[in-house]
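First comes the structure, then the notes that go with it.
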Amino acid sequence: MPIDESSLSVLTRSRSATIRARLLAWYDASRRDLPWRRDPPDPYHIWVSEVMLQQTQVATVVPYWRRFVRRFPDVQSLAAAPIEEVLRAWGGLGYYRRAHQLHAAARELAARGGTFPRDVPALERLPGIGRYTAGAIASIAFGRRAALVDGNVARVLSRAFHPLSGAGDAEQRADCWRIAERLVPAERPGDFNQALMELGATCCTPAAPRCADCPLRRSCAARRAGVQDRVPPARRRLAASTVEVVALVALRRGEVLLERRPAGGLWAGLWDVPSEVAAGASADEVRGALERLASRVGVAPSACRPVGEIRRTLTHRRLRFHVYVAWVDRRVRRDGWRWAKQSLDGIGVSRAAQAVLELVRRGGAVRATARQPARRD
DNA sequence: AATACGGGGTC
DNA sequence: GACCCAGTATT
C-alpha cells in the first residue's frame, strides 16, 4: 500500500524525533511498575500479559497475571496442564476464548521445542495473537522495530495528528497504523510502544485529558484546535436487548450441581449453574424455560423455589437470571456434570455464575435449608 | 464491514 | 446509564 502523504505530510523527520525523545523521557520518569516489566523481559510473561490485556484494563489484569504465572511459570507447564486448569486460573477475567487460544498456542510451541517466534508474521500465526499482540511481543519481548496500535495509541495519535485523513472508523485506524509504523524507533521500540499506550491510559484519557502533564502538548493538533475532548469521536453502541435466563441451583448436602458450558459461545468450557434461555420475557415463557430446565436436571418444577434475580450487562446483551433453588435426592453422575462444594474451591466459573451462587448463599439457601426436612417427604 | 465475545473502571 | 479498556476471530 502506498504511503498516504496527506496523513503523513505532517510527520516530518524532526517532528518524529521530538515525539520519540519526549515520549521516552516521560516514560522513563513516570512509567508504572507492572509485574511483567522485567529487565530483560521474559517473552512468556509478556505474552501472557498481552493476551490478558486484550480489552481488559491493567488494574484488572495484574492479580490474574500473578496467579497465572505462579501456577504456569513457563510455556511447558502451560502446555502440560489440562484446559480445565487454565480456565480455572482465567475464571472471572472474561473473554474465555483467550484462555483456550493461549493454551492451544502453548501446546504448539511446546511441540516445536518451546522457542518463541520473534517476528510479527510468525507470531500472528499463533492462535489468539493478532496484529496488535504480535507487535507488542515483537517489540517489548524481542526489541524488534514493530509498531502497534491499541485503543490508547489510536486516541493519542488521533489527537496528536488531528485531523487524520481517513473518513470512517476503519480508515482512521489504518491511518494510526501508518503513523505508528513510521514513529516507532529502532532503539527501544518496546519502551516507545509502552510509552504511547501508557500515555493514553494515564494522561491522554478519553474524557478530560490532562494536557498540562502531557509530553506531547506542544505538538498536539487537537489541543491546538481545542477539540481534544471530542477527538476521536465516541463509538456508538448498539442498545443491548435483555435476555431472560432461568438458572437452577440444585443442592444436595451442601454440594451444588455444575454443568460444563459447550465449546464456543458464551463462557465456553467453563463450569456453570444449569440454565435455560427463555423464548421471551413473558411469565409463560419464563415458566417454560424453568420446566425444560427442571426436566433436564431431574426435579419437579414444583420443587424449584424462586430466590431472586441477577442482572448482568455484557457488551452485546443484558442478561436477567431468574434464580431457583431445588433439593435433589440423588447425586446423579453424568458426563458434563459435577457436584462441587458451594464455595467452589477454585473451580473456574463466570462472574455470572458466582453471582447466582452468592444470591442463593445469602438469601435462598438459608431459608431453604430450614425448610429442607419438610421438602423431603 | 459487522458481530460475538466478559467484566470492570469511570464519569 | 454511556463509554471505554494494551483485540481477535468469524461471518
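The values are calculated or read from the model by the stated rules, or taken from the named source; none is laboratory data. Just so it is clear, the structure is predicted and the values come from calculations on it, not from any experiment. A quick note on method: Cβ atoms are made from the backbone with ideal geometry, for glycine too, and the neighbour counts reach across all protein chains shown. For accessibility, only protein heavy atoms count, side chains too; no ligands or nucleic acids. Shrake-Rupley method; radii C 1.70, N 1.55, O 1.52, S 1.80 Å.
Results, tabulated for the structure shown:
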item	result
Segment A:5-225 - Rg (one decimal) and Dmax (whole number), Cα, Å	18.0, 55
For A:W267, distant residues with modelled amide H under 5 Å away	A:Y96
Potential extension, A:S219-A:A25 segment - 0.36 nm per residue separation minus Cα distance	68.3 nm
Point-to-point label distance, A:T242-A:E187, nm (Cα→Cβ direction, 7 Å offset)	6.0
Neighbour cut-off at most 12 other Cβ (10 Å), DSSP loop, GluC sites (Glu not before Pro), segment A:144-236	A:E187
Environment charge at A:I347 (Cβ cut-off 13 Å; Lys +1, Arg +1, Asp -1, Glu -1)	-1
Magnitude of the charge dipole, segment A:2-145, Cβ model with Lys/Arg +1 and Asp/Glu -1, debye to 20	240
Label point 7 Å beyond Cα of A:E255 along Cβ direction - residues of segment A:327-358 with amide nitrogen under 18 Å	A:327-348
Pairwise centroid distance, computed over Cα atoms, of segment A:18-72 with segment A:244-294, Å	38
Angle in degrees between helix A:283-297 and the longest Cα principal axis of chain A, rounded to the nearest 10	80
Percent carbon-and-sulfur accessible area, segment A:242-376, ignoring ligands, DNA and RNA, probe 1.4 Å	47
Extreme residue, positive dipole direction of segment A:1-141, given options A:P82, A:P117, A:P35 (C-beta unit charges)	A:P35
Computed FRET value (nearest 0.05) for A:C211 with A:L314, which takes r as the C-beta separation and R₀ as 35 Å	0.55
Mean projected area in nm² (Cα convex hull; one quarter of hull surface) for segment A:211-350	13.3
Whole-percent carbon and sulfur share, accessible surface of segment A:5-225, 1.4 Å	50
Sparse-neighbour loop sites [chymotrypsin sites (Phe, Trp or Tyr not before Pro); segment A:65-94; at most 11 other C-beta within 10 Å; DSSP]	none
Ratio Rg/Rh, restricted to chain A and using Cα atoms, in which Rh is the Kirkwood radius	1.07
Charge dipole (debye, nearest 20) of chain A; +1 at Cβ of Lys and Arg, -1 at Cβ of Asp and Glu	780
Theoretical FRET efficiency, 1/(1+(r/R0)^6), r = Cβ-Cβ of A:R118 and A:R362, R0 30 Å, to 0.05	0.05
Calculated FRET value between A:R235 and A:R333, using beta carbons and R₀ = 41 Å, to 0.05	0.30
